[in-house]
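Participant: I'd like to ask you about the structure that follows.
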Amino acid sequence: MGLGPADAARAGLSRRNSETHLPNANAANRALDLLGRELNLFTEKKGVGKPGDFDHMADEELTEFIEARVNSCASLSASC
């Protein structure tokens, strides 16, 4: 379904362009998604352990666990 002649005139479009050059929101969203991924704007969450696995650990132990995990990932140069 294209725009009518009055709508096209208000938008500054010729009749030919009004029916063939409508914006495609899905394509625009996909392009933004790909751009964001390329620029590393998004982070992926990855769970470690099961719910409740770390409840028994003190704050210091959790900090040590996290630092060890980050250091092992950095030394592997891979995403963990």
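Participant: Kindly list, by first and then second residue, each pair from a residue in the stretch 29-54 that is in a loop (DSSP other than H, G, I, E, B) to a residue that is small (Gly, Ala, Ser), limited to pairs with Cβ atoms under 7 Å and residues at least 6 apart or on different chains.
Facilitator: 42/36
Participant: Still on this structure, please answer the following. For residues that are at pLDDT 90 or above and surrounded by 10 or more Cβ atoms within 10 Å (Cβ to Cβ), tally how many sit in the stretch 42-61.
Facilitator: 1
Participant: Is it the case, given these coordinates, that residue 26 is modelled with pLDDT of 85 or more, part of a helix (DSSP H, G or I), surrounded by fewer than 11 Cβ atoms within 10 Å (Cβ to Cβ) and polar (S, T, N, Q)? Show your work before the answer.
Facilitator: Values: modelled with pLDDT of 85 or more: yes; part of a helix (DSSP H, G or I): yes; surrounded by fewer than 11 Cβ atoms within 10 Å (Cβ to Cβ): yes; polar (S, T, N, Q): yes.
Answer is yes for this residue.
Participant: Out of the stretch 62-80, which residues are modelled with pLDDT under 85, among the aliphatic types (A, V, I, L, M) and not in a loop (DSSP other than H, G, I, E, B)?
Facilitator: 70, 74, 76, listed by residue number.
The values are calculated or read from the model by the stated rules, or taken from the named source; none is laboratory data. Predicted model, so just to flag it, every value in this text is computed and none were measured. Glycine gets a Cβ as well: all are built from the backbone with ideal geometry, and neighbour counts include every protein chain shown.
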